1. Contact list please: Cβ distance under 6 Å, first residue in segment 34-46 and under 18 Å from residue 73 (Cβ atoms), second residue surrounded by fewer than 17 Cβ atoms within 10 Å (Cβ to Cβ), pairs at least six apart or on different chains.
2. Can you tell me which residue in segment 112-137 is farthest from residue 74 (Cα to Cα), limited to those that are out of contact with any helix residue (DSSP H, G or I) (no Cβ under 8 Å at 6 or more places or on another chain) and not in a helix (DSSP H, G or I)?
3. Would you check if residue 93 is assigned to a helix (DSSP H, G or I), in contact with a helix residue (DSSP H, G or I) (Cβ under 6 Å, 6 or more places away or on another chain) and farther than 15 Å from residue 126 by Cβ?
4. Under the condition of being touching a helix residue (DSSP H, G or I) at 6+ places or on another chain (Cβ under 7 Å) and surrounded by fewer than 15 Cβ atoms within 10 Å (Cβ to Cβ), which residue from segment 13-27 is nearest to residue 90 (Cα to Cα)?
5. Yes or no: residue 26 at pLDDT 95 or above, under 24 Å from residue 131 (Cβ atoms) and part of a loop (DSSP other than H, G, I, E, B)?
6. So which residues in segment 61-75 are assigned to a helix (DSSP H, G or I) and within 18 Å of residue 18 (Cα to Cα), if there are any at all?
7. Which condition does residue 97 not pass, out of (1) more than 15 Å from residue 13 (Cα to Cα); (2) surrounded by fewer than 17 Cβ atoms within 10 Å (Cβ to Cβ); (3) touching a residue at least 24 places away in the same chain (Cβ under 8 Å), if it passes all the others?
């Protein structure tokens, strides 16, 4: 199951990361399919693992979509395949990478508004954690 979960996480994040980079949109049908298949494969909903996705969806509503709802949907799908500890590690590393990238871009470009797609940072952090064997327990 661990290998299947790792593969599913990478599939969700790779496909949606490429889409997010190109169009600032995820593929909701594809992501929903993997969300449902994760719930079926794990034989139920792990609500704590889906909590970060729920928070991102709430943030999208509260910020009038300055935080994209697609990020929350992708995190929900990842939560269907993983546990809360793993999702938090991926999310924290992704937030740090996005913050550093935004700071560098702000320093290099003097634009007032910088928009970064977030799913590629989730993919990067998941890939780094998998490379070091740290993603799933």
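1. 39/45
2. Here is the first cut: in segment 112-137, the residues out of contact with any helix residue (DSSP H, G or I) (no Cβ under 8 Å at 6 or more places or on another chain) are 112-113, 115, 131-133.
Filter once more, so that each one left must be not in a helix (DSSP H, G or I): 112-113, 115, 132-133.
Working: 112: 28, 113: 24, 115: 18, 132: 23, 133: 22 Å.
Only one residue fits best here, namely 112.
3. Numbers: assigned to a helix (DSSP H, G or I): yes; in contact with a helix residue (DSSP H, G or I) (Cβ under 6 Å, 6 or more places away or on another chain): yes; farther than 15 Å from residue 126 by Cβ: no.
In short, no.
4. In the first step, residues of segment 13-27 are kept if they are touching a helix residue (DSSP H, G or I) at 6+ places or on another chain (Cβ under 7 Å); the result is 13-17, 20-21, 25-27.
Pick out the ones that are also surrounded by fewer than 15 Cβ atoms within 10 Å (Cβ to Cβ) and you get 21, 25.
Details: 21: 18, 25: 20 Å.
Result: 21.
5. Numbers: at pLDDT 95 or above: yes; under 24 Å from residue 131 (Cβ atoms): yes; part of a loop (DSSP other than H, G, I, E, B): yes.
For residue 26, the condition - at pLDDT 95 or above, under 24 Å from residue 131 (Cβ atoms) and part of a loop (DSSP other than H, G, I, E, B) - is met.
6. Passing the criteria: 69, 70, 71, 72, 73, 74, 75.
7. (2)
Per-residue answers, yes or no, for (1) in contact with a helix residue (DSSP H, G or I) (Cβ under 6 Å, 6 or more places away or on another chain); (2) more than 22 Å from residue 131 (Cβ to Cβ); (3) modelled with pLDDT of 90 or more:
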| position | (1), (2), (3) |
| --- | --- |
| 5 | yes, no, no |
| 11 | no, no, yes |
| 32 | no, yes, yes |
| 49 | yes, no, yes |
| 56 | yes, yes, yes |
| 61 | no, yes, yes |
| 75 | yes, no, yes |
| 100 | no, no, yes |
| 106 | no, yes, no |
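The values are calculated or read from the model by the stated rules, or taken from the named source; none is laboratory data. It should be emphasised that the depicted structure is a prediction, and the values quoted were computed from it without experimental measurement. All Cβ positions, glycine included, derive from the backbone under ideal geometry; neighbour counts span all protein chains shown.
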